[in-house]
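Working notes, structure below.
Here, each number is a calculation from the coordinates, and none is a lab measurement. Just so it is clear, the structure is predicted and the values come from calculations on it, not from any experiment. Counting neighbours? That spans all protein chains shown, and the Cβs are built from the backbone with ideal geometry, glycine included.
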Amino acid sequence: MSKTTLTRRGLIKSGAIGSAGLALPTIFTAQSAHAFTNEPTGSTVTLGFNVPQTGPYADEGADELRAFELAVEHLNGGGDSGMLSTFSSKVLQGNGILGKKVSYVTGDTQTKSDAARASAKSMIEKDGAVMISGGSSSGVAVAVQALCQEAGVIFMAGLTHSNDTTGKDKRANGFRHFFNSYMSGAALAPVLANAYGTDRKAYHLTADYNWGYTTEEAVRSSTEAMGWETVAAVKTPLTQTDFSSYIAPVLQSGADTLVLNHYGGNMVNSLTNAVQFGLRDKQVNGKDFQIVVPLYSRLMAKGAGANVKGIYGSTNWHWSLSDAGSKAFVKSFGTKYGFPPSQAAHTCYVQTLLYADAVQRAGSFAPCAVAEALEDFEFDGLGNGKTLYRGTDHQCFKDVIVVKGAENPTSSFDLLEVVEVTPVDQITYEPDHPQFAGGALGTCNNGV
Amino acid sequence: MDAIILQILNGLDKGSAYALIALGLTLIFGTLGVVNFAHGALFMIGAFCAVTLSRILTLSHTIVDPERTDFLGNPLKVEVPYIHDLLGATAGDKVIDWAVPLSVLFAIPIMIAVGVIMERGLIKYFYKRPHADQILVTFGLAIVLQEVIKYFYGANPIPTPAPEAFKGSLDFGAALGFDPNVIIYPYWRIVYFGFSVVIIGGVFAFLQFTTFGMVVRAGMADRETVGLLGINIDRRFTIMFGIAAAVAGLAGVMYTPINSPNYHMGMDFLVLSFVVVVVGGMGSLPGAVLAGFLLGILESFASMREIIAIIPGINQVIIYLVAILILLTRPRGLMGRQGVMED
């Protein structure tokens, strides 16, 4: 017969071991239920599309939203599958992502950083969005990217062109497919030198905010390397509507080229004013006066009307490209909506497919697993030729399109014509390039 | 010297827009005592009258061109304006080209109607309410109006060019003995300045030399006495609201070739125009015009890169700095009257 002695110390030990034993499964269960922010547990997965639905960029936001809807349709097996049929990675089968049907919620950035953060936060916290995408401004992209880093979700940037998005403000949870200011400068400069010569005096008008600064710096350094001289660079308020007082002194400066580092309404107004002042009819230094718009968008070109004729710029993508991916996307989008997609729509559609593909390859929605799958991922068939999602800064490296305002457009979509597809090698830079100095990618965050 | 002349010229057209909007604001404030924050929206509606007439003139039917294809590879549908069928291609294009000047005639009845409806339908209920209530309701109305315009016309700017005859710019420098290309000024901006001078002159003449104007001025000075004389001053003030709306609308129509119209263009001008009214002196029509041109020219000077180099950011705050300075030294503004907004 054994004798059991119950001591106080033994009771505490047994209790502790028993409690730990009972708690163990709960700890594991709890960990697996909340392994990362908004882990999808049901039959659907929710993506958050944060686009400007009100404010001056609402039309661009509407086009982004159309592209997102189309991407979701294709991921769920609807429509004609679009770029899924041309994408070099073949893991997506049209049955959602990891077998889960894709649903989405939308937010309104209003093209304001605080509003964009609030709508992204709401989609993450209330709607359970596991990824945020979209946007039409670098200020918004940087703000939302930082929020997603803190929250532990992936941010697939929409239209953001500032170097800083993948430069000093880069984040491990953020990825950019869109090109940047450096790439615009590097692609444009040789075309400009070829068209206008290497002996030019440039006058820059620059929107007084982050994107304007990086674009001016990029275009200046690229054109100066080609032999151009920058005679002046003037910052213009973002709220400026009439640029006459900035444009009128351009000819007095001895400049023979005006570079408009403006986007959206700023670009429409400054270009309209410059043409109105007859700059393009003038001769300076024995040369025809020229205007350059580093970043073009078809939607903006529409606002400037005939003023864009013959003016060079760069774009991330254009619907008239003849590769199989672009054709498939234009066909899908055009058939569904009746007009060709914008570059903003293209980048948003591609970012959604790239995210879904990365999840599928990683076998998990966990942000760190997705980030690992995206880093140094090489792909093709999405409209810009062979592309690399560089791991060190989460920037896509691909061909850049140099365009010119069409001289004789046949329709309201036909406003820009592709002049050159600049190969990726020409626009690639080292991760420690001075224009991208500062900041650190940090480590990815799974949240929770 | 050439830079100074250039910036004075630039300030004139900007000042013209400020003066026209501020004139309308002052008319409404002086007659009805209402602080109308929807006045910028009236400028915007005027601009969209030009857009609307352009669209009416370019209403089209489609014909299929089997020789060419659209972006999907289908035969291209070419739009042919009905006006080509009516007048022939050359004459039709000429009419379309002159859409903006023609819009002045189109906009006058529309803007008067909008003004009268606005006053009778909403503003009149706020005459006896505090100015804060008037500001809130008219600001709300402005937001509603711009959202309506955005719903129908989209958020992007819509190009509305000047007639071909007014494209390009005049070389003032060459005419004044300076080097060519040093002082240039677009033809359409000269037209805009001339147009605003005519409108401002017309409003002053109307108030000064007509019986209607005399009654309105009397009403502005002493509304009760005019009412006791058996004159229905309210009806006249309603008409003045319509006229003020038309002035803002016409300023908007003629502004469209300068900057492509968009739904929030009214807001861009509204705050500055209020500053103009305050600097000019609340209720003073000559003050509004004087301050409009003065601040327009000062804003142009502050945009010179030589000045920005000395005081960075001055271009963004100059108007407000000058407003503070003037109000500190002349609290009633440049030409303000005693007793206005002082109770």
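Give me the inter-chain shielding for B:299-308: mean count of other chain Cβ atoms within 10 Å, whole number please.
Details: counts 2, 5, 1, 1, 12, 5, 8, 1, 0, 4.
Average per residue, whole number: 4.
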- [ ] Using a 10 Å cut-off on Cβ to Cβ distances, tally the other chain neighbours for every residue of A:268-277 and report the average as a whole number.
- [x] 5
TODO: Any cysteines in chain A with zero other Cys Cβ atoms under 4.7 Å from their Cβ? List them, or say none.
DONE: A:148, A:348, A:396
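Let me know the volume per residue of the alpha-carbon convex hull for segment A:282-337, in Å³. Write out the running numbers ahead of the final one.
Values: hull volume 5.8 nm³, N = 56.
Hull volume normalised by residue count: 103 Å³.
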- [ ] Quick one: give the max-minus-min coordinate of the C-alpha atoms of segment B:36-114 along each principal axis, largest first, in Å.
- [x] 55, 30, 16
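Which order do the peptides A:330-337, A:297-304 take when ranked by the mean count of other beta-carbon atoms within 10 Å per residue, highest first? It would help to have the intermediate numbers written out before the result.
Details: A:330-337: 18.8, A:297-304: 25.0.
Descending packing order for the listed peptides: A:297-304, A:330-337.
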Open item on the list: With angles folded into 0 to 90 degrees, how steeply does helix B:314-329 sit against the dominant principal axis of chain B? Use alpha carbons for both and round to 10.
Closed with: 20 degrees
- [ ] Report the far tail of the P(r) of segment A:51-115, meaning the percent of Cα-Cα pairs longer than 20 Å.
- [x] 40 percent
Open item on the list: Is there a quick way to get the dipole size of segment A:188-247? I mean about its Cα centre, with the Cβ of Lys and Arg at +1 and of Asp and Glu at -1; what is the value in debye to the nearest 20?
Closed with: 60 debye
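Could you work out the relative contact order of chain B? I mean the mean sequence separation of Cα pairs under 8 Å and 6+ apart, divided by the number of residues, in percent. If you can, show how the numbers build up before the last one.
On the way: 540 pairs, mean separation 116.3, N = 343.
Relative contact order for chain B comes out at 34 percent.
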TODO: Which order do the peptides A:240-249, A:350-359 take when ranked by the mean count of other beta-carbon atoms within 10 Å per residue, highest first?
DONE: A:350-359, A:240-249
Task: Paired Rg and Dmax values of the protein assembly as shown, which use every Cα atom, in angstrom - done: 30.3, 127
Task: Positive-end extreme of charge dipole, segment A:220-372 - chosen from A:291, A:222, A:358 (charges on Cβ) - done: A:358
Task: Per-selection Rg to Rh, chain B - Cα, Kirkwood hydrodynamic radius - done: 1.02
TODO: Starting with the fewest neighbours, write out B:139, B:152 ranked by other beta-carbon atoms found within 10 Å of each beta-carbon.
DONE: B:152, B:139
Open item on the list: Can you compute 3J(HN,Hα) from phi for each residue in segment B:287-293, using the Karplus curve 6.51 cos²θ - 1.76 cosθ + 1.60 with θ = phi - 60°, rounded to whole Hz and x for Gly and Pro?
Closed with: x, 4, 5, 4, 5, x, 5
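Segment A:75-153: which trypsin sites (Lys or Arg not before Pro) are DSSP loop and have at most 15 other beta-carbon atoms within 10 angstrom?
Details: sites: A:90, A:100, A:101, A:112, A:117, A:121, A:126; in loops: A:90, A:112, A:126.
Passing sites in segment A:75-153 are A:90, A:126.
So what is the 222 nm mean residue ellipticity for the protein assembly as shown from helices alone, if each DSSP H run of at least 4 adds -39500 (n - 2.57) and you divide by all residues, rounding to the nearest 500 deg cm²/dmol?
Numbers: 28 runs with 407 residues, N = 791.
For the protein assembly as shown, the value works out to -16500 deg cm²/dmol.
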Open item on the list: Normalised by the empirical 2.2 N^0.38 Å for globular proteins, what value does the Cα Rg of segment B:70-168 take?
Closed with: 1.63
TODO: Normalising by the residue count of chain A, find the relative contact order in percent from Cα pairs under 8 Å and 6+ residues apart.
DONE: 19 percent
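How high is the relative contact order of segment A:131-222, in percent, with contacts defined as C-alpha pairs under 8 Å that are six or more residues apart?
Values: 139 pairs, mean separation 25.8, N = 92.
Relative contact order for segment A:131-222 comes out at 28 percent.
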- [ ] Can you tell me the 0 to 90 degree angle between the C-alpha axis of helix B:233-255 and the longest principal axis of chain B, rounded to 10?
- [x] 40 degrees
Open item on the list: Taking 37 °C and 0.692 mPa s as the conditions, I'd like the Stokes-Einstein D for chain A in µm²/s, using the Kirkwood hydrodynamic radius from alpha carbon pairs.
Closed with: 142 µm²/s
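Please identify the GluC sites (Glu not before Pro) of segment A:330-436 that satisfy two criteria: DSSP loop assignment and at most 15 other Cβ atoms within 10 Å. Which are they? Could the numbers behind the result be given before it?
Numbers: sites: A:372, A:375, A:378, A:407, A:417, A:420; in loops: A:375, A:407.
Listed in order of number, the matching sites are A:407.
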Task: Where N is the number of residues in segment A:296-448, Cα Rg divided by 2.2 N^0.38 Å - done: 1.18
Open item on the list: Quick check on the exposure proxy: order A:221, A:412, B:54 from fewest to most C-beta atoms within 10 angstrom.
Closed with: A:412, A:221, B:54
TODO: Tell me which residues come under 5 Å, amide H to amide H, from residue A:259 once H is placed; ignore anything under 5 positions away on its chain.
DONE: A:203, A:204, A:205, A:292
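Quick check on packing: order A:316-328, B:322-334 by the mean number of other C-beta atoms within 10 Å, highest mean leading.
Numbers: A:316-328: 20.4, B:322-334: 15.2.
Listed from highest to lowest mean packing, they are A:316-328, B:322-334.
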TODO: Relative to the longest principal axis of the C-alpha atoms of chain B, give the angle of the C-alpha long axis of helix B:131-153, reported between 0 and 90° and rounded to the nearest 10°.
DONE: 10 degrees
Task: Size of electric dipole in segment A:251-375: Cβ of Lys, Arg +1 and of Asp, Glu -1, about Cα centre, debye, nearest 20 - done: 460 debye
TODO: For segment A:240-352, build the convex hull from the C-alpha positions and give me its volume per residue in Å³.
DONE: 116 Å³
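Using just the alpha carbons, could you tell me how many Å³ per residue the convex hull of segment B:118-274 encloses?
On the way: hull volume 25.9 nm³, N = 157.
Convex hull volume per residue, Cα atoms: 165 Å³.
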